[in-house]
Every structure is written in C-alpha cells, then in structure tokens.
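Here the structure is laid out as structure tokens; the discussion comes afterwards.
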Amino acid sequence: QVQLVESGGKLVQAGGSLRVSCAASGLTDSYYTMGWFRQAPGKEREFVASIRWSTGSTYYADSVKDRFTISRDNAKNTVDLQMNSLKPEDTAAYYCAADRSTGRVRGGEPVYWGQGTQVTVSS
C-alpha cells in the first residue's frame with residue numbers, strides 16, 4: 001500500500017527558507033504525480049506544487065511560483081519542497097499527496113495523502 005510520510009516542518013522567520021520532505025513507499029512504478037498541498041487554520045486546503053515522477057515535469061500555484069521548488073529523488077523515493085522567501089501567509093500544515101492522475105492532483109483530489117507537517121512563519 002502507498003504510504004507518504006512528511007517531515008521537516010518547523011518555525012521559521014519571514015524571509016527565511018525551509019525544505020520539507022515526503023518519503024514515499026508502495027509506489028509500484030514511476031507513473032505517479034506527486035503533489036504538495038497546504039491548509040491554514042480556518043481555510044480550505046490548497047494546491048501548492050506537483051511533479052510527475054516519471055518525467056520530472058512540475059507545476060506550481062501562482063502564490064508560490066518563483067519562491068518554491070518541488071523536486072524528486074528517485075534513489076531515495078522522496079519528494080521535497082524547497083521554500084524560499086517565506087511569508088507569514090505561508091503558515092500552514094503541508095501535505096504530500098500522490099495519484100496516477102496529474103489532473104486529480106492538480107484538482108485537489110489525489111487518492112493518497114500523508115499526515116502533514118506544520119510550517120509556521122513568524123513575522
């Protein structure tokens with residue numbers, strides 16, 4: 001079965017950087033799209049970024065474009081989200097997700113989800 005475990009969330013100051021990671025297991029081949037989502041208190045969960053495991057093709061929400069970078073490590077089976085120039089509004093629980101369908105990931109409905117890791121950006 002697919003398991004996704006996030007790590008790396010913590011408290012950082014505005015303007016700082018942070019890298020969160022998702023360890024994936026149970027993916028039987030590379031034809032999955034991996035995604036990062038976030039949910040702030042009182043707000044709906046939103047798409048942040050995605051990467052197609054087989055091709056490395058990436059896609060970002062406008063709110064994080066040019067600040068965040070998603071990447072995958074085939075050897076370690078991890079998907080990372082490098083976050084730079086962090087803002088207080090980036091504060092949220094960050095979730096890793098996976099699905100064979102890129103459309104379902106970008107549409108916010110991937111099948112597999114991790115438990116989340118908390119990122120807090122102080123002003």
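Below is a table of values for the structure above.
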read-out: Solvent-accessible area per residue, Å², over the chain with all protein chains present [probe radius 1.4 Å]; value: 52
read-out: Net charge dipole size for the chain [Lys, Arg +1 and Asp, Glu -1 on Cβ; Debye, nearest 20]; value: 80
read-out: Within straight-line cross-link reach of Lys65, lysines at Cα separation under 16 Å, skipping those fewer than 8 residues along the same chain; value: Lys87
read-out: In sequence order, calculated HN-Hα J values of segment 72-81 (Karplus, 6.51, -1.76, 1.60; Hz; x Gly/Pro); value: 10, 10, 5, 5, 9, 6, 10, 10, 10, 10
read-out: Spin-label pair Ala14/Arg104, simplified geometry with 7 Å Cα→Cβ offset, distance in nm; value: 3.9
read-out: Estimated dipole of segment 68-123 in Debye, rounded to 20 [Cβ of Lys and Arg +1, of Asp and Glu -1, Cα centre]; value: 160
read-out: Shape category assigned to the chain from the gyration tensor of Cα positions, a/c cut at 1.5; value: prolate
read-out: Stretchable slack from Val5 to Ala40, in nm (0.36 nm times residue separation minus alpha-carbon distance); value: 10.7 nm
read-out: Sequence-distant residues sharing a close amide H with Ser54 (under 5 Å, placed H); value: Tyr32
read-out: Nonlocal amide H pairs with Gln118, under 5 Å, H built at 1.01 Å; value: Gly9, Tyr94
read-out: Sulfur and carbon atoms: percent of accessible area, segment 1-122 [1.4 Å]; value: 44
read-out: Inter-part distance where segment 54-68 and segment 3-34 are each reduced to a Cα centre, Å; value: 14
read-out: CD proxy at 222 nm, helix term only [per DSSP H run n ≥ 4: -39500 (n - 2.57); per residue of the chain; nearest 500]; value: -1000 deg cm²/dmol
read-out: Glu89 paired with Lys65, simple spin-label distance in nm, labels 7 Å along Cα-to-beta-carbon; value: 1.5
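The values are calculated or read from the model by the stated rules, or taken from the named source; none is laboratory data. Since we're looking at a predicted model, the values are computed, not measured. Here Cβ is always computed from backbone atoms with ideal geometry, including for glycine, and neighbour counts include all displayed protein chains. What goes into the accessible areas is simple: the full protein's heavy atoms, side chains included, and nothing from ligands, DNA or RNA. Shrake-Rupley method; radii C 1.70, N 1.55, O 1.52, S 1.80 Å.
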